[in-house]
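The values are calculated or read from the model by the stated rules, or taken from the named source; none is laboratory data. Please read these numbers as outputs of a predicted model, since none were measured by experiment. Here the Cβ positions follow ideal geometry from the backbone for every residue, glycine too, while neighbour counts run over all protein chains shown. The protein model used for the area step is the full one, side chains on, heavy atoms only, and it has no ligands, DNA or RNA in it. Shrake-Rupley method; radii C 1.70, N 1.55, O 1.52, S 1.80 Å.
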Amino acid sequence: MVMPPSAADIDQRARAVKALLLDVDGVLTDGRVFYLGDGQEARAFHVRDGLGVQLLGAAGITVGILSGKQSEVVRRRAEEMGIELMLLGVEDKVEAYENACKQLDCADEEVAYVGDDLPDLPLIRRSGLGLAVADAAAEVRAAAHIVLRANGGQGAVRETCERILKAQGNWRV
């Protein structure tokens, strides 16, 4: 049986974070996609996640998204949050993760990754701080360093941002 990491280990991992990479569907959203009558799609995003991302950016931490889908809705929301690194429509998440790390000049230990489903497992395991949303697949929750209290699309990204900022001494209220 693998022992969960200690609070001190989690804080140490969070202090090393220079980049936060996020899955989209099931992390920034609750995983549901609505198809409207005109063929357009709609997704719901939690407003507090946006502020969390902006606070991370202000602290010098880069935030990026990795998604298997191309979506103008996601692109628009990411731009509103100030996310510049958008890898959308990726077929191989591991390759996309490696490309993101190269672009950001970050080692695995300096990356936090939040995921919810099986395609996220290799990135959760590889990143220095792997996080799973509360309603993630059981295998993802088991592999994560941290299982968040919030479900995907319900403030999980904000919770992640706060955790990193607090560990780094950059949480200002």
| query | What list of ³J(HN,Hα) couplings, whole Hz, do you get for the range 24-30 from phi and the Karplus terms 6.51, -1.76, 1.60, once you set θ to phi - 60° and write x for glycine and proline? | reply | 9, 5, x, 10, 6, 10, 7
| said: At R0 = 22 Å, how high is the FRET efficiency between ALA7 and ALA107 if r is their beta carbon distance? Nearest 0.05 is fine. | reply: 0.40
| task | Sort the following peptides by mean Cβ neighbour count (other Cβ atoms within 10 Å, averaged over residues), highest first: 118-131, 82-95. | result | 118-131, 82-95
| task | Pull out the extension gain between ARG15 and ASN170, defined as 0.36 nm times the separation in residues minus the alpha carbon to alpha carbon distance; nm, one decimal. | result | 54.8 nm
| Looking at [x] 140; [y] 215; [z] 106, which value of volume of the Cα convex hull per residue in Å³ comes from a calculation on the structure shown? | [z]
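Which order do the peptides 65-75, 147-157 come out in when sorted by mean C-beta neighbours inside 10 angstrom, highest first?
Numbers: 65-75: 17.6, 147-157: 21.8.
Ranked from most to least packed, the peptides come out as 147-157, 65-75.
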| Separation between Cα centres of the range 136-173 and the range 83-112, rounded to whole Å | 19
| request: With label points built 7 Å along Cα→Cβ from the Cα atoms of GLU84 and VAL147, find their separation and express it in nm. | output: 3.7
| Considering only protein heavy atoms and a 1.4 Å probe, what is the carbon-and-sulfur percentage of the accessible area of the chain? | 48
